[in-house]
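These notes concern the structure reproduced below.
Any read-out appearing in this document is the output of simple, stated calculations on the displayed coordinates, not a laboratory observation. Just so it is clear, the structure is predicted and the values come from calculations on it, not from any experiment.
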């Protein structure tokens with residue numbers, strides 16, 4: 001990276017090289033187009049907040065996209081940042097005073113005819129910038145014959161501590177019974193030190209974190225283990241801290257499907273409210289959770305490190321489980337109204353968990369026996385189609401599940417009132433609505449009959 005100052009002669013030579021060097025990339029930005037179609041070029045950079053003078057710089061991606069355009073590029077006017085922040089660009093950009101021109105980056109990726117690349121821009125508070133000062137970053141995307149498109153982003157200076165979480169990864173091949181080392185790492189991107197912090201983590205159902213004496217533990221409504229730790233120490237600007245031995249987490253028998261372990265860091269002074277609806281208690285533990293400094297202080301925060309939240313994604317833990325359909329058998333005469341209770345039971349040990357996607361589990365379909373009419377149904381069930389539709393397709397009812405998780409040992413049922421119109425019909429049935437997160441280990445009991453006789 002380098003600062004934005006070159007002579008006019010160097011700019012002209014650089015622009016000539018830019019045109020020659022990017023012509024091939026620009027022309028390959030998409031499929032062949034008509035000669036009178038100039039294509040298009042777009043650019044995007046979000047609003048940015050940086051620490052006060054003395055804080056590490058922040059790397060922010062300026063994204064450039066193009067289809068069919070010749071020599072796609074972005075030109076930046078830095079006039080609106082004077083006295084507030086400085087901006088540093090990569091060497092492939094050409095600068096002249098407060099104007100910077102960047103071609104489509106050499107690392108751009110062509111996907112389905114659209115070229116996308118990112119220009120990493122490092123913003124840093126200018127010397128003497130005050131808390132709350134703002135500047136304007138103006139950028140224009142264009143090609144050789146495209147209409148220029150100009151946008152602005154606001155850059156704000158905030159003095160004070162600014163804790164960021166450094167964990168953002170994924171692991172695969174995890175199996176029940178494994179001990180999973182979960183990283184914990186933070187950096188202070190502000191211009192003032194943090195004295196003590198709060199670390200809040202959430203481990204989805206099935207994952208069992210190690211115990212620390214300076215942490216409290218509880219369970220939320222999705223059966224996730226919530227951990228809140230008070231970590232003492234001074235966290236200087238730019239200094240990375242991590243849990244050196246990582247956090248040992250047992251992959252228990254209830255673990256099933258994909259999971260995301262989340263973590264959130266904040267200065268203890270002024271920390272937000274504790275997680276709602278979770279009763280937190282201490283556990284017996286010999287060790288305390290300590291975050292130790294690692295490496296030299298960062299001069300620049302890398303791109304992608306943007307917030308106080310982070311996490312580790314676990315890909316498709318196989319687990320084992322058996323969801324069993326619960327049918328019914330009742331007796332009655334023609335004209336009677338009888339009640340049938342149908343549903344599902346999770347025999348475990350795995351727990352279907354859709355909290356990562358925000359969905360529900362444990363839903364089922366109910367087909368009443370032929371010769372009966374539903375005259376009463378619970379509010380959690382409704383017709384999966386039109387009861388009066390013509391044809392031989394049986395009437396089917398959909399019943400929602402118990403929520404984001406389907407705990408082992410839970411039976412989820414719904415009661416229907418059926419009027420018996422005849423006793424010569426075929427049995428009905430109940431079955432899972434979907435096999436989530438996969439077909440279970442005993443698919444032979446996924447469908448059960450419902451009879452009236």
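Details
- Prolate/oblate/rounded call for region 281-439, Cα gyration tensor, a/c under 1.5 rounded: prolate
- Fraction in percent of alpha-carbon pairs per bin - 20 Å, the chain: 20, 34, 32, 13, 1
- Computed over region 45-90, the alpha-carbon pair-distance distribution with 10 angstrom bins reads 18, 49, 23, 9, 1, each value a whole percent.
- Dividing the summed helix terms, -39500 (n - 2.57) for each DSSP H run of n ≥ 4, by the number of residues in the chain produces a 222 nm estimate of -1500 deg cm²/dmol to the nearest 500.
- Per-selection metrics, region 110-196 (Cα): Rg and Dmax in Å: 20.8, 61
- Euclidean distance between Cα centres, region 39-81 to region 298-364, Å: 42 Å
- Kirkwood Rh (inverse of mean 1/r, distinct Cα pairs), region 351-453, angstrom: 14.9 Å
- Spatial offset of region 149-181 relative to region 86-140 amounts to 21 Å, using the alpha carbon center of each.
- Using a cutoff of 8 angstrom between alpha carbon atoms and counting only pairs six or more residues apart, the relative contact order for the chain works out to 14 percent.
- Kirkwood hydrodynamic radius over Cα pairs of region 305-364, then Stokes diffusion coefficient at 20 °C and 1.002 mPa s, in µm²/s: 135 µm²/s
- Against the main long axis of the alpha-carbon atoms of the chain, helix 8-27 sits at an angle near 30°.
- For the pair residue 284 and residue 421 in one chain, pulling the backbone fully straight at 0.36 nm per residue adds 43.0 nm over the alpha carbon distance.
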